[in-house]
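What follows is a short report on a single structure.
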């Protein structure tokens, strides 16, 4: 218990036991550790714990109604059941609660594990009493990067989309990203796109980061000036702008989304495995609770989940590489 920093032990006792373990060059027995973990899982099932999936958006269902959020919740719920937990989605602003009051409510309910949903704005602050909780975040948060974060592998996903378009004969591939999403992913899509262009040796098409001021006009102007034959995108204004310009999808313009789940129906592109992200978040949470870890980690730690290519109706078939 002392080696796991159990809260029931005095700090002096924990320190004394750790000093003795270090002096003895103590190494835990793997078989005994596995047996203890098995017994603890049985105890968790009998005591039935709740893990909170917490969102802090302006409106109650603003985040959870997204399909990607629902997939994440489903993955977390299924994995939690294997450990004997229940996952509940909680809105942190219920009844106008402050973060401090929300912390007290969680503690009063016996909740010690929090999976924190992506924030509404990339740089949002949400100051709970973090020292009381084991925390895993979905996305690497600007102000809380020392919590274990589970994120899509943005760079690998961009390269996968680029390669999928290349084998389908596209040679002028552009990138269009909404500015808030570019900030949210720390500009990793743009960096991976620049690398993919450099590696390919193809003529460079400048990426477009779309700001909130008349976004469709920005996309129209960019399409008209650079005339890409395909676009990799996470921006809701590309397909409408293409329609205004009477560009036929995919005959005149291929479109590959970096998140097909939250994009228009039937688009081709990257499927982010949000169910796997939810399951992984619970795996990490179980480990933290097993070690009685609370608060941030000493070092930044995270897990990347790679996406998969999903064919749709917005890029041509790889067997149809007709010259443009």
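Out of 166, 193, one residue alone is in the same structural domain as residue 244 (by TED's automatic domain parsing), more than 30 Å from residue 97 (Cβ to Cβ) and surrounded by fewer than 20 Cβ atoms within 10 Å (Cβ to Cβ). It is 166. The set of residues in the range 285-302 being in a helix (DSSP H, G or I) and touching a strand residue (DSSP E or B) at 6+ places or on another chain (Cβ under 7 Å) consists of 285, 288, 289. Counting the residues of the range 274-283 that are touching a strand residue (DSSP E or B) at 6+ places or on another chain (Cβ under 7 Å) and surrounded by fewer than 20 Cβ atoms within 10 Å (Cβ to Cβ) gives 1.
Quick one: would you say residue 203 is surrounded by fewer than 16 Cβ atoms within 10 Å (Cβ to Cβ), assigned to a loop (DSSP other than H, G, I, E, B) and within 27 Å of the chain's Cα centre (by Cα)? Reasoning before the result, please.
Values: surrounded by fewer than 16 Cβ atoms within 10 Å (Cβ to Cβ): yes; assigned to a loop (DSSP other than H, G, I, E, B): yes; within 27 Å of the chain's Cα centre (by Cα): no.
When the stated conditions are applied, residue 203 does not pass them.
When residues in the range 48-85 are screened for being outside any loop (DSSP other than H, G, I, E, B), closer than 20 Å to residue 284 by Cβ and touching a residue at least 12 places away in the same chain (Cβ under 8 Å), 21 of them pass.
Just wondering, is there one or more residues in the range 153-162 that are touching a residue at least 24 places away in the same chain (Cβ under 8 Å), outside the structural domain of residue 293 (by TED's automatic domain parsing) and more than 14 Å from residue 306 (Cα to Cα)? Taking every residue of the range 153-162 in turn, at least one turns out to be touching a residue at least 24 places away in the same chain (Cβ under 8 Å), outside the structural domain of residue 293 (by TED's automatic domain parsing) and more than 14 Å from residue 306 (Cα to Cα).
Residues that are under 29 Å from residue 116 (Cβ atoms) number at least 3 in the following strands (runs of 3 or more DSSP E) confined to the range 230-279: 230-234, 268-271. Only one entry in 315, 209 is touching a strand residue (DSSP E or B) at 6+ places or on another chain (Cβ under 7 Å), part of a loop (DSSP other than H, G, I, E, B) and not assigned by TED's automatic domain parsing to the domain that holds residue 74, namely 315.
Might you check whether a residue that is in contact (Cβ under 8 Å) with a residue 24 or more places away in the chain, under 18 Å from residue 65 (Cβ atoms) and in the same structural domain as residue 67 (by TED's automatic domain parsing) occurs anywhere in the range 125-133?
Pass one, the range 125-133, residues in contact (Cβ under 8 Å) with a residue 24 or more places away in the chain: 126-133.
If we keep only those that are under 18 Å from residue 65 (Cβ atoms) as well, we get none.
Scanning the range 125-133 turns up no residue that is in contact (Cβ under 8 Å) with a residue 24 or more places away in the chain, under 18 Å from residue 65 (Cβ atoms) and in the same structural domain as residue 67 (by TED's automatic domain parsing).
Just so you know, in the range 236-258 the residues that are touching a helix residue (DSSP H, G or I) at 6+ places or on another chain (Cβ under 7 Å) and under 26 Å from residue 151 (Cβ atoms) include one that is surrounded by the fewest Cβ atoms within 10 Å (Cβ to Cβ), and it is 237. Of everything in the range 98-113 that is touching a helix residue (DSSP H, G or I) at 6+ places or on another chain (Cβ under 7 Å) and not in a helix (DSSP H, G or I), the residue that is surrounded by the fewest Cβ atoms within 10 Å (Cβ to Cβ) is 112.
The values are calculated or read from the model by the stated rules, or taken from the named source; none is laboratory data. Quantities reported herein were computed from a predicted structural model and do not represent experimental measurements. Every residue, glycine as well, gets a Cβ built from its backbone with ideal geometry; the counts of neighbours run over all protein chains shown.
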